[in-house]
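Below is one structure, written out as structure tokens; the observations come after it.
The values are calculated or read from the model by the stated rules, or taken from the named source; none is laboratory data. Model, not experiment: these values are computed from the prediction. A quick note on method: Cβ atoms are made from the backbone with ideal geometry, for glycine too, and the neighbour counts reach across all protein chains shown. Accessible surface is based on the protein model in full, side chains and every heavy atom, while ligands, DNA and RNA are left aside. Shrake-Rupley method; radii C 1.70, N 1.55, O 1.52, S 1.80 Å.
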Amino acid sequence: MVVHMMISEGNDLSLSELPGPLQETLTEELGAIRLVDRDTVAAVATEFVAELEAIGLTAPGTKDAAIMALSDHLSPDLANKLRQELSSVRNGDHWPLIADLPVDRILPIMLNESIEVGAVALSKLPVTKAAEILGKTPGDRARRITFAMSQTADIKPDAVDRIGKALFADYSKPRELAFEKEPPLRLGAILNSSPSDTREDVLEGLGTQSPDFASAVRKAIFTFKDIAQRVKGTDIPGCIRSVDAEAMTIAIAAALASDDAAITTSAEFILENISQRMATQMREDAEERGNVKKADAEKAMNEITKAIRDMVDSGSIALIDPDAGEGDE
């Protein structure tokens, strides 16, 4: 009665998420209802609302649902073992489990598998999820997959089941990675602390061998010359607060005298975004310091950039994306 009342009011119920036998029982019970008097309907609605208000916790309710809820939080070996005990898996159908995977787990199927397998997978997904995944698939590959769907009419059910089993085995588990960060970020972090000559030499070599990787690494690198372009002026006072005064003096002295315009611009940017009194004092200290050895200059500048990167890593500030459009951060 409650389900019929909700459907009559135009509510969209996800009854497909219920176990199959329960859906059958619900259909039989609803078919047995004929006319119900107004007082009975009101009493049922009141009792149902009272039960809802008394609920303090909802759990999966079935072993299959509990396995799916916990699988991402268990050890990979145990999670895989439990997945093999799912009722649908025992019956040979892995597609409902694939359909329950998040989009970011299903999308690699479209990108990594053959066009024909992608067409089968797209055909087995719920319409809304299939549309979302198709929209995230590169245009040319999406067109080839959709064309291949026209050739799936005669595929045998056992072949579809075998494809589902193989895909679930390959894509149901989160990838186990040896490194937490992507390669460009790891190399960028190393080059951030490397001497400038070494950094430029490595980047030049990468640019010859792998331009795309070199571009990603350059984006991950943050050095003193990037300060003016990637740090908000309002964040500068907080960024340099923890930097040793002597290091600040050495860095500013070297930067103001540098032949590299980007380095000088970053020094001026720092001075423009702190108090006038502090900026004047820094300029005077820098002039008194005179010439600075290259090694000392790089060490001092690295202290400043490290302080900025630490604030970025802690979430205190965010760097400006060098590829963002005008007005975007």
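The table below lists the values:
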{"quantity": "Calculated on alpha-carbon atoms, Rg and Dmax of the stretch 124-239 in Å", "calculated": "22.8, 68"}
{"quantity": "Value at 222 nm in deg cm²/dmol, rounded to 500, when DSSP H runs of n ≥ 4 in the chain each add -39,500 (n - 2.57)", "calculated": "-20000 deg cm²/dmol"}
{"quantity": "Rg to Rh quotient for the chain, alpha carbon positions, Kirkwood Rh", "calculated": "1.17"}
{"quantity": "Area of LYS124 that stays accessible when all protein chains are in place (1.4 Å probe, Å², to 10)", "calculated": "90 Å²"}
{"quantity": "ALA42-LEU70 FRET efficiency (beta carbon distance; Förster radius 41 Å; 0.05 resolution)", "calculated": "0.50"}
{"quantity": "Among GLN229, LEU52, THR27 - extreme Cα towards positive end, dipole of the chain, charges at beta-carbon", "calculated": "THR27"}
{"quantity": "Calculated on alpha-carbon atoms, Rg and Dmax of the stretch 251-295 in Å", "calculated": "10.2, 29"}
{"quantity": "Gained length - LEU26 relative to ARG144, 0.36 nm times residue gap less alpha-carbon distance", "calculated": "38.3 nm"}
{"quantity": "Kirkwood-Stokes translational diffusion coefficient of the stretch 255-329, alpha-carbon pairs, 25 °C, 0.890 mPa s, µm²/s", "calculated": "171 µm²/s"}
{"quantity": "Per residue accessible area in Å² of the chain, where ligands, DNA and RNA are left out and the probe is 1.4 Å", "calculated": "64 Å²"}
{"quantity": "21 Å Cα-Cα threshold exceeded, pairs from LYS225/LYS294; LYS225/LYS299; LYS81/LYS124; LYS136/LYS219; LYS81/LYS129", "calculated": "LYS81/LYS124; LYS136/LYS219; LYS81/LYS129"}
{"quantity": "Surface accessible to a 1.4 Å probe, LEU70 within the full protein complex, Å²", "calculated": "90 Å²"}
{"quantity": "Among ALA119, ALA216, ALA43: highest mean-square fluctuation, GNM of the chain, C-alpha pairs under 10 Å", "calculated": "ALA43"}
{"quantity": "Kirkwood-type radius of the stretch 221-267, with distances r between different C-alpha atoms, in Å", "calculated": "11.1 Å"}
{"quantity": "Backbone N within the stretch 233-263 under 19 Å of label point (7 Å from LYS306 Cα along the Cβ vector)", "calculated": "238-255"}
